[in-house]
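The values are calculated or read from the model by the stated rules, or taken from the named source; none is laboratory data. The model shown is predicted, which means the values in this text are computed figures rather than measured ones. FYI the Cβ positions are ideal-geometry reconstructions off the backbone, even for glycines, and counts take in every protein chain you see. Heavy atoms of the whole protein, side chains included, go into the accessibility calculation; ligands, DNA and RNA do not. Shrake-Rupley method; radii C 1.70, N 1.55, O 1.52, S 1.80 Å.
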Amino acid sequence: MIEISGLKKSYGTRTVLENVSLRIPDATLFGLIGINGAGKSTLLRLIADVLRPDCGTILIDGASVSGNERIKREMFFLPDDPFYATGTTVEKLAALYATFYDFDREAFARYADIFHVERRTPIRNFSKGMKRQAFVTLALACRPRYLLLDEAFDGLDPLARLELKRGLIELVEERGSTVLISSHSLRELEDICSGFALLDGGAVADAGEIGEALEKVHKFQIALSHEVRRGDIPFDCISFEATGRVAKLIVRGDRETVLKELEALSPLFIEEIKVDFEELFLCEVRSRGYLK
């Protein structure tokens, strides 16, 4: 288990993370979300011990990550823009990682074929998407107990995204790994992640199970006999949009209670619409004044 308590990190006078506390259970796929600059990449670097916190603790299986060689051998951190030397090939990196990790050559060959990775071509000649596929291949072949991915799906085409999701699920199911993913591709996270944490203002604004969070939010489309105005709706809405006599609204609370209040308006029709994780995130950031 990853346990984070009272974490703070600043760059000069700018505080990026302030009193972050979070628990990430073992053998799970966990999504880290937030707007640009929320501190997602910084948090991943702190967990990977690439950066050191100003204060607070990060424990993995009860041990501090700071300078812990044993934990580092069980962890693979893939940043958004990984470093590689001029002339480096995927095959050379595989040989390097094999000296540090319990590198699975069979898995490496399999994922290299799945992602169509050219093993002996210099990585500098790859497109952005091919670079991501190459490093994802290496990450999966290292079979880490803890895999940290920053913007995991960035640059990947739909087929590559599907194959990556399959690979991550396999890693969790077969090895019992914990995968922490920072991504703006919230629909991809909803497909595979069970838990999430929303970073906002340098702190954890919300966290929990994705399924449970979505169950607490309901979206309805209604039509009235007259033009719908916000004042017609007798409860608070996370989101409200109206066009003429038709309105779409998203609310938190008990579904049956909300339905009764809407039915009391004598609507021409009521339709319930499924809320996805991306829509929930957009509602959250709007409520914090980031989007109009």
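For the stretch 175-180, what does the Karplus curve 6.51 cos²θ - 1.76 cosθ + 1.60, with θ = phi - 60°, yield as ³J(HN,Hα) per residue in whole Hz, taken in order and with x for Gly and Pro?
Taking θ as phi minus 60°, the curve returns 10, x, 6, 10, 10, 10 Hz for the stretch 175-180.
Just tell me which lysines come within less than 16 Å, Cα to Cα, of LYS248; anything on the same chain fewer than 8 places away is out.
Leaving aside lysines fewer than 8 places away in the same chain, those within reach of LYS248 are LYS219, LYS274.
Short version: ³J(HN,Hα) in whole Hz for each residue of the stretch 15-22, in order, from phi by Karplus 6.51 cos²θ - 1.76 cosθ + 1.60 (θ = phi - 60°), x for Gly and Pro, what are they?
Result, rounded to whole Hz: 8, 9, 10, 9, 6, 7, 10, 6.
Using 0.36 nm times the number of residues separating SER194 and THR57, minus their current alpha carbon distance, what extension gain do you get? List each step's numbers first, then the result.
Working: separation 137, 0.36 × 137 = 49.32 nm, distance 2.43 nm.
Full extension of this stretch gives 46.9 nm more.
Please give the FRET efficiency for ASP26 paired with ASP113, using the beta carbon to beta carbon distance and R0 = 35 Å, rounded to the nearest 0.05. Let's see the in-between values first.
On the way: r = 30 Å, r/R0 = 0.86.
Here the calculated transfer efficiency is 0.70.
Pick out, from CYS142, PHE126, LEU93, the residue whose Cα sits farthest towards the positive end of the charge dipole of the stretch 92-147, with +1 on the Cβ of Lys and Arg and -1 on the Cβ of Asp and Glu.
PHE126
How tilted is helix 128-141 with respect to the longest principal axis of the chain? Cα atoms for both, answer in degrees (0 to 90, nearest 10).
70
On the protein heavy atoms, probe 1.4 angstrom, tell me the percent of accessible surface of the stretch 12-146 carried by carbon and sulfur. Walk me through the intermediate numbers first.
Details: 3180 of 6430 Å².
Taking all protein chains in place, the stretch 12-146 shows 50 percent carbon and sulfur surface.
Charges at C-beta only: +1 for Lys and Arg, -1 for Asp and Glu. How large is the resulting dipole of the chain about its Cα centre, in Debye rounded to 20?
Numbers: 39 positive and 46 negative charges, 207 e Å.
Roughly 1000 debye for the chain.
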